[in-house]
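Chemist: One structure coming up, written as structure tokens, with questions to follow.
The values are calculated or read from the model by the stated rules, or taken from the named source; none is laboratory data. Since the structure is predicted, the reported quantities are computational estimates derived from the model, not experimental observations. Because the Cβ atoms are built from the backbone with ideal geometry, glycine has one as well, and the counts that use them run over all protein chains shown. Note: accessible area is taken over every heavy atom of the protein model, side chains too, but ligands, DNA and RNA are not part of it. Shrake-Rupley method; radii C 1.70, N 1.55, O 1.52, S 1.80 Å.
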Amino acid sequence: MTTGHTAVDHLVLAGTRRRLGELLSGYSEAESAILFDFSHRAAAACPEATDELIDSRKG
């Protein structure tokens, strides 16, 4: 699998993945599903809101 990341990137990201895994281990499977759903929606909402702000300043 090619992700465009270097070996150094993978080392840095490994620590992030580990820490997030530690955080998520305290939640049930159902709670984790809610957190993942929220994160997915928030990740989409942020650039959409930024685009709206940019568009509102153009007008």
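Chemist: For the chain, with all protein chains present and a 1.4 Å probe, just round the carbon and sulfur fraction of the accessible area to a whole percent.
Modeler: After summing per-atom areas, the C and S share lands at 62 percent.
Chemist: Work out, step by step, the length gained on full extension between residue 11 and residue 57: first 0.36 nm times the residue separation, then minus their alpha carbon distance; give nm to one decimal.
Modeler: That works out to 12.5 nm of additional length.
Chemist: Taking only protein heavy atoms into account and a 1.4 Å probe, give the accessible area per residue of the chain in Å².
Modeler: Roughly 91 Å² per residue, with all protein chains present.
Chemist: Please find the FRET efficiency linking residue 41 to residue 20, where r is the Cβ-Cβ separation and R0 is fixed at 25 Å, and quote it to the nearest 0.05.
Modeler: 0.90
Chemist: Right, next: Compute the semi-axes of the equivalent ellipsoid of the chain, taking the square root of 5 times each eigenvalue of the Cα gyration tensor, and list them largest first in whole Å.
Modeler: Output for the chain: semi-axes of 30, 21, 9 Å.
Chemist: Another one. Show me, for segment 21-38, the HN-Hα J-couplings you get by feeding each phi into the Karplus relation (A = 6.51, B = -1.76, C = 1.60, θ = phi - 60°), rounded to Hz, glycine and proline as x.
Modeler: For segment 21-38, the Karplus curve yields x, 4, 4, 5, 5, x, 10, 6, 4, 5, 5, 4, 4, 5, 4, 5, 4, 4 Hz.
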